[in-house]
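Worksheet for the structure shown next.
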């Protein structure tokens, strides 16, 4: 193993009823926990989403209503997974945009504490798209000379992602490249803190409804107030906060909105 770990790194992948973070649910979860000494533990489970899986989605990951009708709901196993992930950094393929916000949303619905503030997030897709823009199947073939058989199975995709990230670090560690401005940099280092910063976007919330601008201010990333400062809009149009809090937005987005609103209130006092 090429990865240098200071604490366990948990690779994970979710199969879901769809891609709407607020409304869709997990139907399968796999976590591959890689320990500092290189030992691995895997925890894979199918989940009853409590709703019908759209046929077009089932045709992608191969999981149908019949397959999960007798499986536990996420709230029944949430504590198990929170404990399994305790003390771990997180890694995966496209986890920053989808898997992490979906998992956080499920933990929030289950009322189980899952703190990300002390974890690094490492997204192998970010590194892959930076260095060799393609898909997970192509990544596995490119880096590991393997065919991805059984894609869209959570366990197959999770194991493939571990192998890809391990090979990426071996291939790109300390390799210098030039960015679009011609500035030379070393994007990939064998360090989880560095890979965490490489993987993260400028999102304020996981769904990306708000992002940070170059001045570090939270701005809206959608709708009629796109690119406008959140605090400015709350000051000029207080009803917009209520509209979002009552709207069809992820719980994490609403939580971040509330934090921003609270800071505004404290600042006024």
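The values are calculated or read from the model by the stated rules, or taken from the named source; none is laboratory data. Keep in mind that what you see is a predicted model, and the values were worked out from it rather than measured. Positions of Cβ are generated from backbone atoms using ideal geometry, with glycine treated the same way; all protein chains shown enter the neighbour counts.
Brief remarks on what is shown
- Restricted to helices (runs of 4 or more DSSP H) entirely inside region 85-182, those with at least 2 residues that are under 14 Å from the mean Cα position of the chain (by Cα) are 100-109, 124-131, 154-172.
- Test: residue in region 243-252 that is touching a residue at least 60 places away in the same chain (Cβ under 8 Å), surrounded by fewer than 12 Cβ atoms within 10 Å (Cβ to Cβ) and not in a helix (DSSP H, G or I): yes
- Comparison of 232, 157 shows that the only residue that is surrounded by 15 or more Cβ atoms within 10 Å (Cβ to Cβ) and either over 25 Å from residue 121 (Cα atoms) or touching a helix residue (DSSP H, G or I) at 6+ places or on another chain (Cβ under 8 Å) (or both) is 157.
- Looking across region 199-212 at every residue that is exposed (fewer than 15 other Cβ atoms within 10 Å of the Cβ) and modelled with pLDDT under 90, the one that is farthest from the chain's Cα centre (by Cα) is identified as 202.
- Every condition in (1) modelled with pLDDT of 90 or more; (2) in contact with a strand residue (DSSP E or B) (Cβ under 7 Å, 6 or more places away or on another chain) holds for residue 143 except the one numbered (2).
- Residue within region 186-193 that is in the same structural domain as residue 105 (by TED's automatic domain parsing), under 28 Å from residue 24 (Cβ atoms) and either surrounded by fewer than 17 Cβ atoms within 10 Å (Cβ to Cβ) or modelled with pLDDT of 95 or more (or both) present: no
- In region 35-64, the residues that are outside the structural domain of residue 152 (by TED's automatic domain parsing) form no Cβ pair under 9 Å with any partner that is surrounded by 11 or more Cβ atoms within 10 Å (Cβ to Cβ) and modelled with pLDDT under 95, whether six or more places apart or across chains.
- Among the residues making up region 17-50, those that are part of a loop (DSSP other than H, G, I, E, B) and touching a strand residue (DSSP E or B) at 6+ places or on another chain (Cβ under 7 Å) are 17, 24, 25, 47, 49.
- Options 59, 1: the member that is part of a helix (DSSP H, G or I), over 16 Å from the mean Cα position of the chain (by Cα) and loosely packed, with under 15 Cβ neighbours inside 10 Å: 59
- Condition met for residue 190 (assigned to a loop (DSSP other than H, G, I, E, B), out of contact with any strand residue (DSSP E or B) (no Cβ under 9 Å at 6 or more places or on another chain) and touching a residue at least 40 places away in the same chain (Cβ under 8 Å)): yes
- Filtering 220, 162, 142 for residues that are within 30 Å of residue 232 (Cα to Cα) and either outside the structural domain of residue 234 (by TED's automatic domain parsing) or surrounded by 15 or more Cβ atoms within 10 Å (Cβ to Cβ) (or both) leaves a single hit, 220.
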